[in-house]
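Quick note: the coordinates plus some simple rules give every number you see, no bench work behind them. Owing to the predicted nature of the structure, the values given are computational and were not obtained by experimental measurement. No Cβ is skipped: glycine too gets one built from the backbone with ideal geometry, and neighbour counts run over all protein chains shown.
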Amino acid sequence: MGIFTQARILSNCSFFFKACSVRRLSLSAKSSGLNEFFDNPKNWGEISVKAGRPWRIEELRRKSSVDLHNLWYILLKERNMLMTMEEEHWRCLEQMPNPERFEKVEESMENILRVIEERDKAVCEVERGEWIGPREVDGVDKLGRPVRRLTEEHLEPQEPSNAEEAMWSEWTLRYLRAEREKRIRSRRERARAERYKTEFDRRRRIFQISADHTFERVPMSAASTDTQV
């Protein structure tokens, strides 16, 4: 290897290391290490922490796919921070301020998924004429009960495995029989309660009984009791 070749390689390596040292992959303005999993120190010990509302679907539809991608990772980082703070408060036997922030973050992430699904459907309908994504179909679960499930992609034809076949035994039949009996009983109890309510309302209407009447006995006084004796 010549001297000029070695010098060229060293210069390229030095440029690469300089680029790596200058550009760091981080979603925040500055890299704080593991401290990014914790909330702002200004909020430590506070009873209430101000939080905004979740992102609406109408607002997310006006954003580009790149913005949605960045927003998704920002929300993911916020959720990880909230989970870390929840665990830390639980360890210190303290109450976490404003736990509803979890719901706001989850609602925003669900809205992002809905917007992305809408765009995927629109692209598929334009390019292929139909939506080829997950659909609800009739299927069976591990115990052979009919359920509604979403279709999934499989590299090979889906066939029952040995573990699933092991579930189809005498115990499974007894379990399904007991579950069916429980379902029939609950349906019968609901029908009985509905018939009772219908008959009760019918008698109220026939005998003109007001809704304020409780059908409770009036307590008798001691004087009236002595008179009857």
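Of the chymotrypsin sites (Phe, Trp or Tyr not before Pro) in segment 37-143, which ones lie in a loop per DSSP and count no more than 13 other C-beta atoms within 10 Å? Don't skip to the end; give the middle numbers.
Details: sites: PHE37, PHE38, TRP44, TRP55, TRP72, TYR73, TRP90, PHE102, TRP131; in loops: PHE38, TRP44, TRP55, TRP131.
In loop regions of segment 37-143 (DSSP not H, G, I, E or B), the sparsely surrounded chymotrypsin sites (Phe, Trp or Tyr not before Pro) are TRP44.
What three numbers, in Å, describe the spread of the alpha carbons of segment 73-178 along their principal axes, ordered from the longest?
50, 48, 25
If one puts a single equal scatterer on every Cα of segment 164-208 and applies the Debye formula without solvent, what log₁₀ I(q)/I(0) results at q = 0.20 Å⁻¹?
-0.71
Largest first and in whole Å, give the semi-axes of segment 27-131's equivalent ellipsoid, each being the square root of 5 times a Cα gyration tensor eigenvalue.
Its equivalent ellipsoid spans semi-axes of 34, 14, 11 Å.
With the cut-off at 28 Å, tell me which of the pairs LYS42/LYS77; LYS77/LYS142; LYS142/LYS182; LYS63/LYS121; LYS50/LYS77 have Cα atoms farther apart than that.
Details: LYS42/LYS77 18 Å; LYS77/LYS142 36 Å; LYS142/LYS182 19 Å; LYS63/LYS121 17 Å; LYS50/LYS77 18 Å.
Where the Cα-Cα span goes over 28 Å, the pairs concerned are LYS77/LYS142.
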